[in-house]
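Data first, discussion second: the structure below is written as structure tokens.
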Amino acid sequence: MTQKKLIAIVEDEEMLADMYRAKFIQAGFEAEVMTNVSDALKFLQAKRPDAVLLDIVLGEESGLTFLEKRRDIPGGDIIPVVAFSNYDEPKTRNKAIELGAEEYLLKTGYTPQAIVEKVKGYLSHPF
């Protein structure tokens, strides 16, 4: 039996985090939720998820901070990150891509299932 792919979901809105976690589990993934940059970086180092779904607007630090700091974790910069947000500002979008996000998706532009499919597309060994 192949091991399930692990997705880290970095989202500080509990309702959204729970919904995305449920969607990933329903699609056959393992999924863990972190609500802040610090916990997400610790998880990245300890668990080496197969991909990260990253909200840009978080509490104290933004998802951009996560993208910057993950470079300090050996191999952290090769884990695909799909940024998603309701914040549609070109400068922020461009910065996220510059810092290594695969894509910057607007939450309102995608169904949760479509976001699962986007993340799935960046996994090195798709189902």
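The values are calculated or read from the model by the stated rules, or taken from the named source; none is laboratory data. Everything quoted here is computed from the prediction, not taken from an experiment. No Cβ is skipped: glycine too gets one built from the backbone with ideal geometry, and neighbour counts run over all protein chains shown.
Filtering Leu54, Leu67 for residues that are within 23 Å of Thr111 (Cα to Cα) and crowded, with 16+ Cβ neighbours inside 10 Å leaves a single hit, Leu54.
Just one of the listed residues (Asp12, Asp18) is in a loop (DSSP other than H, G, I, E, B) and out of contact with any helix residue (DSSP H, G or I) (no Cβ under 6 Å at 6 or more places or on another chain), namely Asp12. Among residues of the range 73-93 that are surrounded by 13 or more Cβ atoms within 10 Å (Cβ to Cβ), those with a beta-carbon under 6 Å from a residue that is of a type in the set (Phe, Trp, Tyr) at least six positions away or on a different chain give the pairs Pro80/Tyr122; Ala83/Tyr104; Arg93/Tyr104. Taking the condition modelled with pLDDT of 95 or more, under 11 Å from the mean Cα position of the chain (by Cα) and in a helix (DSSP H, G or I), does Leu64 pass? In short, no. Does Lys42 satisfy the condition of being of a type in the set (D, E, K, R), touching a strand residue (DSSP E or B) at 6+ places or on another chain (Cβ under 9 Å) and either crowded, with 17+ Cβ neighbours inside 10 Å or touching a residue at least 24 places away in the same chain (Cβ under 8 Å) (or both)? The answer is no for Lys42.
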